[in-house]
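Just so you know, all these numbers are worked out from the coordinates, no wet-lab data involved. Note that this is a predicted model, so its numbers are computed, not measured. Methodologically, a virtual Cβ is constructed for each residue, glycine included, from the backbone with ideal geometry; neighbour enumeration extends over all protein chains shown.
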């Protein structure tokens, strides 16, 4: 999974207005509005060395369409303001909690936000599920997309994803966790294997007050406007949720939250009590459950086999509607003797084995049918209880 960044369409925040805010309010919080990114990214020069700072090359000679990364300038930098060069300290601003103390530092941050938006543009997508839509971000060249669970509904659901160049692809929902609102989508095979993508970072490293950039499709896909970028700061960060003051609205759900190194650290989830009180899924949630999400598991759903047994035995009496066991080929009268590594001899052990598994996970089921021992590979459905 590699680095990701995206597009925009907004207008630059007036520097004179920012100066006024600085003088009167000391600028405790910055940028609730959208930033337009259609202007070209300015080149930044290092102090005294005379060497220009350039964007890093993609790894080796890979053909993957990974956007070039944003340089994380950690040394004092000269930035041109009103025809003169003023010395600023990027490491102070990028440390996580610093507030701009001058017009030059404000311009440096504005430039950094623009660079991130330009880097992210190719990889942020609009996701359409029937009549609803949201956002997502591609994090691998073969088309894995991070989004919110409520955007993609359920594992196996079909979607259309639209890139910033308006190219459309069919995709399928994989795993998700409704409680934290994490969801994974994959572009269907046969449509390409070289999609633009971005890197994911570590949400556990976020600090309160750290600068972040939110990108998405507020109000849904607008072909003329394109993506919208908003800057803000982290208000709270835990293992289960990130709270920021980056303004989100409907349509942003599932879009990426970036740190200033151009890495995805969160996925937009929902709006809090106020428009500027917004919640995001920490990206570590996806990393920690990656294998199960790729498998298409509902992480917080209980498995259902869809069988009724005779009395307290392990013998199948009948099937419920849409039973995974019946679809796999099991029949009434079969005795279930094993599920995965769990041996089954009665109804209690059968129930325990099923309840220990997650919805939409897969397992090998062994049954005794007369004198025959048969193996069936099946996928559990979700229990309504």
Find the strands (runs of 3 or more DSSP E) located wholly in the range 290-385 whose residues include 3 or more that are touching a residue at least 24 places away in the same chain (Cβ under 8 Å) and under 24 Å from residue 152 (Cβ atoms), and list them.
298-304
Could you tell me how many of the residues in the range 261-274 are surrounded by fewer than 22 Cβ atoms within 10 Å (Cβ to Cβ) and touching a residue at least 24 places away in the same chain (Cβ under 8 Å)?
3
Subset of the range 99-119 [outside any helix (DSSP H, G or I) and either farther than 16 Å from residue 212 by Cβ or free of Cβ contacts under 8 Å to residues at least 60 places away in the same chain (or both)]:
101, 102
For the range 153-177, how many residues are part of a loop (DSSP other than H, G, I, E, B) and free of Cβ contacts under 8 Å to residues at least 12 places away in the same chain?
1
With the structure loaded, tell me whether residue 140 is assigned to a loop (DSSP other than H, G, I, E, B) and in contact (Cβ under 8 Å) with a residue 40 or more places away in the chain or whether it fails that test.
yes
Output yes when any residue across the range 231-240 is in a loop (DSSP other than H, G, I, E, B), over 20 Å from residue 146 (Cβ atoms), touching a residue at least 24 places away in the same chain (Cβ under 8 Å) and more than 11 Å from the chain's Cα centre (by Cα), and no when none is.
no
Residue hits (the range 162-185; buried (at least 22 other Cβ atoms within 10 Å of the Cβ) and out of contact with any helix residue (DSSP H, G or I) (no Cβ under 7 Å at 6 or more places or on another chain)) are 171
